[in-house]
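The values are calculated or read from the model by the stated rules, or taken from the named source; none is laboratory data. Note that the structure is a prediction, hence the values are computed from the model and not measured. Because the Cβ atoms are built from the backbone with ideal geometry, glycine has one as well, and the counts that use them run over all protein chains shown. Heavy atoms of the whole protein, side chains included, go into the accessibility calculation; ligands, DNA and RNA do not. Shrake-Rupley method; radii C 1.70, N 1.55, O 1.52, S 1.80 Å.
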Amino acid sequence: MPAYRHIDPAVLFRATGHDLEMFRALSQTYLDTSPAMFARVGQAVRGGAAQAIVHSCHTLRGTAALLGASALVARLAALEQLVRHQGAAAPDWLTETAALVAEVEQEVRRSMLEYTGAQE
């Protein structure tokens with residue numbers, strides 16, 4: 001089984017109290033809700049609404065943190081800080097982040113099938 005590059009399933013597994021059924025249920029919840037959360041980030045970035053960018057990034061960041069998606073968490077946190085200080089995102093930020101979100105989602109799907117907790 002290839003290593004996970006964009007998530008750390010052990011983070012969510014520990015958060016569930018080592019309950020594999022809950023791990024899978026929360027993973028599915030992420031998959032069900034993350035597209036809409038990222039869409040809100042995208043709308044805010046395209047609209048240049050600083051407060052909405054910060055809020056939508058913060059919401060998605062909290063959810064991604066439960067998955068151990070540290071690169072995505074760091075990217076969202078960096079945008080929050082940038083917007084707080086400069087008010088806007090770089091033009092390519094959204095495209096690059098969309099690719100990272102897709103990679104996280106792919107690994108979450110794989111972890112639901114493969115992760116057993118024995119990897120800790």
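Would you be able to say whether some residue in the stretch 12-20 is under 16 Å from residue 106 (Cβ atoms) and hydrophobic (A, V, I, L, M, F, W, C)? The answer is yes, given that some residue of the stretch 12-20 is under 16 Å from residue 106 (Cβ atoms) and hydrophobic (A, V, I, L, M, F, W, C).
The residues of the stretch 79-120 that are open to solvent by 70 Å² or more (accessible area, probe 1.4 Å) and either hydrophobic (A, V, I, L, M, F, W, C) or within 16 Å of residue 29 (Cβ to Cβ) (or both), listed by number, are 109, 113, 118.
Reported count of residues in the stretch 54-96, each being among the aliphatic types (A, V, I, L, M), farther than 27 Å from residue 16 by Cβ and not in a helix (DSSP H, G or I), is 3. Within the set of pairs 6+ apart or on separate chains, which have a first residue in the stretch 79-98 that is closer than 18 Å to residue 37 by Cα and aromatic (Phe, Trp, Tyr), a second that is open to solvent by less than 90 Å² (accessible area, probe 1.4 Å) and not in a loop (DSSP other than H, G, I, E, B), and C-beta atoms under 7 Å apart? Partner pairs satisfying both residue conditions: 93/45; 93/79. All of (1) in contact with a helix residue (DSSP H, G or I) (Cβ under 8 Å, 6 or more places away or on another chain); (2) of a type in the set (Asp, Glu); (3) at pLDDT below 95 hold for residue 105 with one exception: (3).
Selection of the stretch 66-78 for residues being open to solvent by 40 Å² or more (accessible area, probe 1.4 Å) and in contact (Cβ under 8 Å) with a residue 40 or more places away in the chain yields 66, 70, 71.
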